[in-house]
Amino acid sequence: MRISDVTVEKLLERGGKASPEQLAELKEAAARSRRPLQEIVVQKEVLAEKELAQLFSDYTGIPFIELDPKDIPSDVLNKIPERTATQYLAILFKIDEAGVMHLAMDDPDDIQAVDFIEKEIGENTKLYFALRDNILSCLGNYHGDVGEQLNEVIDVQREDDGSEQVVSDADIAEDSPVAQTVNLLLEYAIRSGASDIHIEPREEYVQVRYRVDGVLKEVNRLPRNVLGALISRIKILSNLKIDERRVPQDGRFKIKVSGHQYALRVSTLPIADGEKVVMRILDESDQAITLEELGYWGHALEVVNNAMTEPNGIVLITGPTGSGKSTSLFSVLTLINKPDINISTVEDPVEYKIRGVNQTQTNPKAGMTFATGLRALLRQDPNVIMVGEVRDAETADLAVQAALTGHLVFSTLHTNDAATSLPRLLDMGIEPFLIASTIRAVIGQRLVRRLCLTCRQNFTPNAEELAAMTKAFSLTSQSLAAISGLEQQAKQQGLGSDVDLSIRNGTVAIMWRAAPEGCDECNHTGYKGRVGIYEALRNSSDVQKLIISRGTSEQIDVQAAQEGMISMHTDGFIKALRGVTSIEEIIRVTKES
């Protein structure tokens, strides 16, 4: 959607969406940053992109439409060649009984584009206006079933003897079957919502697995003879040494799929049957989502919001690898990112890029560690510092010194829960009085899979299921009454606001589970996406006393619970009651902790 600054100004004035003073500020911000006024209006949350599109539609008389890619017949779609559709961001989505062709465009004001398309399909068209992202998702329909295409390409390479090929230049060229295989594997992974791609050599085949919503699943088996060419092609893309197979290597490259740019972090590792590759997929066009969308509510949300406004101190986010710590930090830093605040980070690696934030990547080979980076940042006049991880005593000590000298420090720590983090810092050699005076809050978190909203099922638990639930969550009549109050609070704050209360008359009356067969929307898994479960420990005066007296994590946990902290286990249980996730998911993720 490209709307001129003059038109955006008219839309805001006509809709009464901005006062003259606000409009002047927006125009000044657009001129200062040399960006379109439309972009500034959406960024400053004066209007959502969809609201702006609706105003533009009313102003121009061109109807606004939201397309569902699944509703577009392939024979209709293909009347416009893919190259043309991609160039002009145009989708032919319907031909009605009268023969009128319904055409959606990102920029229906582009007369030349409309004329060109009408020469291809005829002039009997009706124009619609659709959002850019919506059209890009529909453009994916041109590629059909990626899985089928992948199998066709693989069949071309399959050989009966199962031996490994000698890799030639032709095998890894841009238009070779191996290059097509890599492209399709990446596209299929991105469309499946995978976070990681594993390419693993086995004795008789090459196993391809995707991690979707935190769970690994096999998606294909490639012939063993393509391994060498496949790994070499990925190394070329990642700028790695093709002839080095004895030591691990790390690289990175970028691709575009459906208009979104993705960065792929590549890691190779020699194993018994050959060379394994893992690629982490990072959507660089992703915007930070709100804390509420991440799953924060109630006590945890209050603690995080208060911690963000502190002038100095340390805020720690804890949990194992893959528990969403970086995503939480990304959202927090985006919320506090303003022109009058200097935010500097040291990360390994830089996963999410934030406009206006100074982000530094560690490089141990060059001597750039978390500790040396943090030491350098203190001379860069920062207000807020983010250290990717507190790994050693030196980094912990520097973080404490930074907090003592008036900086707000965010970092992560690998511990099982929030309370364990404080004794862990003691083990690193930090004095108890320093921990007590600098730590502002500790957030413990995990990620669980969200139930698919399209096919999730509610049910009334029977006596056996209630007994298992009571045992798993140590439920008593007293604790159930407290959880009932928390469930009502969660509903009021919008957590599962579309479902009724589950606890009624002192018992769990309704529960939610994944549909056994799933649906097309969730790829027949019953789950789609992930959400965090949290516990937020506020460093109160009573907790500080326990730290100074070297109290155990159990003592700190009990004190924090008395002050209102909700454990991850309980937070997960409430999210299960609200139909966000399932009891099985909470038990799977929290059983170790």
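The values are calculated or read from the model by the stated rules, or taken from the named source; none is laboratory data. Since this is a predicted model, take the numbers as computed values, not measurements. Cβ placement follows ideal geometry from the backbone for every residue including glycine, while neighbour counts extend to all protein chains displayed. Protein only, heavy atoms only, side chains kept; ligands, DNA and RNA dropped before computing areas. Shrake-Rupley method; radii C 1.70, N 1.55, O 1.52, S 1.80 Å.
Tell me, please, whether a residue that is among the acidic types (Asp, Glu) and surrounded by 21 or more Cβ atoms within 10 Å (Cβ to Cβ) can be found in the range 412-419. Break it down into steps so the answer makes sense when it comes.
First pass over the range 412-419, keeping only residues among the acidic types (Asp, Glu): 417.
Subset that is surrounded by 21 or more Cβ atoms within 10 Å (Cβ to Cβ): 417.
Yes.
Can we say Arg450 is in a helix (DSSP H, G or I), in contact with a Ser or Thr (Cβ under 7 Å, 6 or more places away or on another chain) and of a type in the set (Lys, Arg)?
Numbers: in a helix (DSSP H, G or I): no; in contact with a Ser or Thr (Cβ under 7 Å, 6 or more places away or on another chain): yes; of a type in the set (Lys, Arg): yes.
No: the conditions fail for Arg450.
What's the number of the condition Ser267 fails, among (1) crowded, with 19+ Cβ neighbours inside 10 Å; (2) more than 16 Å from Ala179 (Cβ to Cβ)?
Of (1) crowded, with 19+ Cβ neighbours inside 10 Å; (2) more than 16 Å from Ala179 (Cβ to Cβ), only one is false for Ser267: (1).
Could you figure out which of (1) assigned to a loop (DSSP other than H, G, I, E, B); (2) open to solvent by 30 Å² or more (accessible area, probe 1.4 Å); (3) more than 13 Å from Phe129 (Cβ to Cβ); (4) touching a helix residue (DSSP H, G or I) at 6+ places or on another chain (Cβ under 7 Å) isn't true of Glu97?
Glu97 satisfies every listed condition except (4).
I'm trying to understand the selection: among the residues of the range 93-137, which are among the hydrophobic types (A, V, I, L, M, F, W, C), under 29 Å from Ala48 (Cα atoms) and at pLDDT 85 or above? Give the steps one after another, and end with the answer.
Here is the first cut: in the range 93-137, the ones among the hydrophobic types (A, V, I, L, M, F, W, C) are 93, 95, 98, 100-101, 103-105, 111, 113-114, 116-117, 121, 127, 129-131, 135-136.
Keeping just the survivors that are under 29 Å from Ala48 (Cα atoms) gives 93, 103-105, 111, 113-114, 127, 129-131, 135-136.
Of everything in the range 93-137, those that are among the hydrophobic types (A, V, I, L, M, F, W, C), under 29 Å from Ala48 (Cα atoms) and at pLDDT 85 or above turn out to be Phe93, Leu103, Ala104, Met105, Ile111, Ala113, Val114, Leu127, Phe129, Ala130, Leu131, Ile135.
Does the range 77-92 hold any residues that are open to solvent by 30 Å² or more (accessible area, probe 1.4 Å) and closer than 27 Å to Leu52 by Cβ, and which are they? Explain how you work it out, then say what you get.
Kept after step one, since they are open to solvent by 30 Å² or more (accessible area, probe 1.4 Å), are these residues of the range 77-92: 78-79, 81-83, 86-88.
Within the range 77-92, Thr86, Gln87, Tyr88 meet the criteria.
Here is a yes/no grid of residues against (1) modelled with pLDDT under 90; (2) closer than 30 Å to Glu585 by Cβ; (3) open to solvent by less than 30 Å² (accessible area, probe 1.4 Å):
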site	(1), (2), (3)
Ser176	yes, no, yes
Gln180	yes, no, no
Val206	no, no, yes
Arg211	no, yes, no
Lys217	no, yes, no
Pro223	yes, no, yes
Val226	yes, no, yes
Ser232	no, no, yes
Gln249	no, no, yes
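Exactly one of (1) closer than 30 Å to Ile586 by Cβ; (2) modelled with pLDDT of 90 or more is unmet by Ile199. Its number?
Status for Ile199: all satisfied but (1).
Within the range 63-70, is even one residue of a type outside the set (S, T, N, Q), more than 30 Å from Gly15 (Cα to Cα) and either touching a helix residue (DSSP H, G or I) at 6+ places or on another chain (Cβ under 6 Å) or part of a loop (DSSP other than H, G, I, E, B) (or both)?
Of the range 63-70, the ones of a type outside the set (S, T, N, Q) are 63-70.
With more than 30 Å from Gly15 (Cα to Cα) added as a condition, the list becomes 69-70.
Right, trim to either touching a helix residue (DSSP H, G or I) at 6+ places or on another chain (Cβ under 6 Å) or part of a loop (DSSP other than H, G, I, E, B) (or both) and you get 69.
Scanning the range 63-70 turns up at least one residue that is of a type outside the set (S, T, N, Q), more than 30 Å from Gly15 (Cα to Cα) and either touching a helix residue (DSSP H, G or I) at 6+ places or on another chain (Cβ under 6 Å) or part of a loop (DSSP other than H, G, I, E, B) (or both).
Show the residue pairs that are 6+ apart or on different chains and have beta-carbon atoms under 7 Å apart, the first residue being within the range 51-78 and under 18 Å from Arg2 (Cβ atoms) and at pLDDT below 90, the second being surrounded by fewer than 16 Cβ atoms within 10 Å (Cβ to Cβ) and of a type in the set (Gly, Ala, Ser).
Leu55/Gly15
Consider Ala419 carefully, then state whether it is touching a residue at least 24 places away in the same chain (Cβ under 8 Å) and in contact with an Asp or Glu (Cβ under 6 Å, 6 or more places away or on another chain).
Taking the combined requirement at face value, the residue satisfies it.
Only residues in the range 345-372 that are hydroxyl-bearing (Ser, Thr, Tyr) count as the first member; pair them with residues that are part of a loop (DSSP other than H, G, I, E, B) and modelled with pLDDT under 85, Cβ under 6 angstrom, at least 6 apart or cross-chain, and list the lot.
Short answer, once both residue conditions are applied: Thr362/Asp348.
Please go through the range 1-26 and give me each residue that is polar (S, T, N, Q), closer than 29 Å to Leu136 by Cβ and outside any helix (DSSP H, G or I), ordered by number. Spell out the reasoning first.
So the first thing to find is which residues in the range 1-26 are polar (S, T, N, Q), and the list is 4, 7, 19, 22.
Imposing the further condition that a residue be closer than 29 Å to Leu136 by Cβ reduces the set to 4, 7.
Within the range 1-26, Ser4 is the sole residue that qualifies.
Which of the residues belonging to the range 108-135 are more than 20 Å from Asp96 (Cα to Cα) and open to solvent by 80 Å² or more (accessible area, probe 1.4 Å)?
Those that are more than 20 Å from Asp96 (Cα to Cα) and open to solvent by 80 Å² or more (accessible area, probe 1.4 Å): Asp109, Ile111, Gln112, Phe116, Arg132, Asp133.
May I ask you to say which residue of Glu39, Glu66, Glu49, Glu45 is over 26 Å from Gly140 (Cα atoms) and out of contact with any Pro (no Cβ under 9 Å at 6 or more places or on another chain)? Give the derivation first.
Values: Glu39 fails: over 26 Å from Gly140 (Cα atoms); Glu66 fails: over 26 Å from Gly140 (Cα atoms); Glu49 fails: over 26 Å from Gly140 (Cα atoms).
Testing whether each residue is over 26 Å from Gly140 (Cα atoms) and out of contact with any Pro (no Cβ under 9 Å at 6 or more places or on another chain) leaves just Glu45.
Would you tally the residues in the range 5-20 being open to solvent by less than 60 Å² (accessible area, probe 1.4 Å), modelled with pLDDT of 80 or more and in contact with a helix residue (DSSP H, G or I) (Cβ under 9 Å, 6 or more places away or on another chain)?
Qualifying residue count for the region: 6.
Restricting attention to the range 39-53, and to residues there that are more than 24 Å from the chain's Cα centre (by Cα) and open to solvent by 10 Å² or more (accessible area, probe 1.4 Å), which single residue is farthest from Pro63 (Cα to Cα)?
The selected residue is Val46.
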